[in-house]
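Worksheet for the structure shown next.
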Amino acid sequence: MKKILLITAVVIGVALVAAIALPFVIDVDQFRPTIQNELSAMLGREMTIGHLDLSIVRGHLKAADISISDDAAFSSAPFVRAQSLEVGIDLIPLIFSRTVHIRSITLQKPQVALLRSTSGQWNFSSIGQQVKGKKLSIDSSAGPQGAPEFTVQTLNIVDGRLSIGNSPNRQQTYDGVNVTAENVSYSSMFPFTVKANTPGGGTLQLEGKAGPIDSRDTAQTPFQAKAALKQVDLAATGILDPSSGIAGKLDYQGEVRSDGKVAHTEGAATLDKLRLVASGVPATQPVSIDYASDYNLAKQSGQLTKGQVRTGKSNLAISGTYATHGTSEEVHMKLSAPNVPVQDIQALLPALGVTLPAGSSLQGGDVKANLSIDGPIERLVTTGDLNVSNAKLSGFGLGSKMAALSAFTGVKQSPDTLVQVLSSNVRIAPEGIRLDGLNLVVADLGTITGAGTIDSNKVLNFKMLAAVASGGAIGNLTTRAGLGGATSGGIPFSIQGTTENPVFLPDARAMVTAGLANLVGPSGAAGQNLGGVLGGLLGKKKQ
């Protein structure tokens, strides 16, 4: 028994001595060219690594100062820089045959630059293509499409930084990037997970499978994954041009899959504090979107196959197409809102740059709209028809605000405005909002028509005409004044000021011009007509 214990102790001692002595006996740095060659062959990019050290306990080769070259068509700067590289190896082949069998690769704190050309090509698309003029030390004939047969049991990226953009000078950075993939191969699918912090404080997570790797264009590698995004800042991601004014916080749960030709995504997104134009302010309630989309990778265009927008308790239908042109995303969408309660729309008005008069709110009533949304994301233009019925603008009495016109109208004053009908053709663009064919029917007041604009600073510029049927407040006085025929029974006026503090002003020039045209009747009896007008305005009876 003692003899067996003695032999065991000797064997263990020899093993320990060998383990301690091995780094001194074997100069592992001599394997650096081999490892560089094999990793370069796998990536299809020139890869350089610093001095190699061997950890016998962990079975790892470790090197500092890692660099992987970029596609020359994109940049001369490295595609990847890393603080250190750990390569897991099999010790037995290393000890007895001086060969390197790689089991795992771990990149510590890498910096990765993803660049996209105006044609839609990514700088990582050429990864996996054989380096020209480089002799490969591994078999490159057995893999699909001539790709090398190469399998790594575990591939890790730890605490990386990922920059994405259209040029080295215009990029957004995602930090805290951690990637794990198992049994990475050019010949089969492999599982992976990706976690990252998005610009502005959000998080991103992908979990799924990818492969086989397409050695002709890595971007066309098939994959499928579940995606989760939390509190992603739309304005900070770099996906949208800052000049678009679009902002908000995004939560998303969904699935992404690609066969290398068409990428399909579907899921549910919630947008909080949404802003849609540069002059807007965050919406006061979240907006949810359920959607499905197919995107053709070669044509760089896609279509919504399902689209439903939820605001408050209402569902709006959205459909259309989108495409990438150079560095810009362009959309052509249709939005249908059939009989949506006014309260559900009111929360979105600030996001569109529309602010209600101070102290007022919309209550009751319904909104119906059919809108087209077209153009590049940074310069979207929304056009279409808008209809509002049976709504109350509480806290804003249109009659009292039109006090400057009271000498002509005799408008009944009220603390609220009851909108029986509001219809208009609307155009929403970066420079502001334009309303044409505006028709407003207000209880106890009459009908107001006209057109005008709300610019990006919320300044109003409207030319309007207030008119009612004969017998109404406006109709009686304009008839008494003799202006009825000249102005079609109405008073012209303008709306100036801002959306928060509108100012109503009588349009004296229009009134005089129209009135004089009426005064000079077919008989030329201008004096008689003028006397009638003055008498009407002064409350005197005609002689």
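The values are calculated or read from the model by the stated rules, or taken from the named source; none is laboratory data. Fair warning: this is a prediction, and the values are worked out from it, not measured in the lab. Here the Cβ positions follow ideal geometry from the backbone for every residue, glycine too, while neighbour counts run over all protein chains shown. To get the accessible areas, we keep the full protein, side chains included, count just its heavy atoms, and leave off ligands, DNA and RNA. Shrake-Rupley method; radii C 1.70, N 1.55, O 1.52, S 1.80 Å.
Summary table
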{"item": "Accessible area in the full protein assembly, largest first, 1.4 Å probe, for F396, F223", "result": "F223, F396"}
{"item": "Sorted peptide list for 341-349, 384-392, criterion being average Cβ within 10 angstrom, highest first", "result": "341-349, 384-392"}
{"item": "Highest to lowest packing among 35-47, 232-244, scored as the average C-beta count within 10 Å", "result": "35-47, 232-244"}
{"item": "Inter-centroid distance (Cα atoms) of region 413-431 relative to region 361-393, Å", "result": "10 Å"}
{"item": "Taking only Cα atoms of region 184-338, radius of gyration then Dmax in Å", "result": "16.7, 52"}
{"item": "Accessible surface, region 192-286, averaged per residue in Å² (probe 1.4 Å)", "result": "48 Å²"}
{"item": "Square roots of 5 times each gyration tensor eigenvalue, C-alpha, region 289-400, largest first, Å", "result": "33, 15, 11"}
{"item": "Gap separating the Cα centres of region 321-358 and region 157-224, nearest whole Å", "result": "32 Å"}
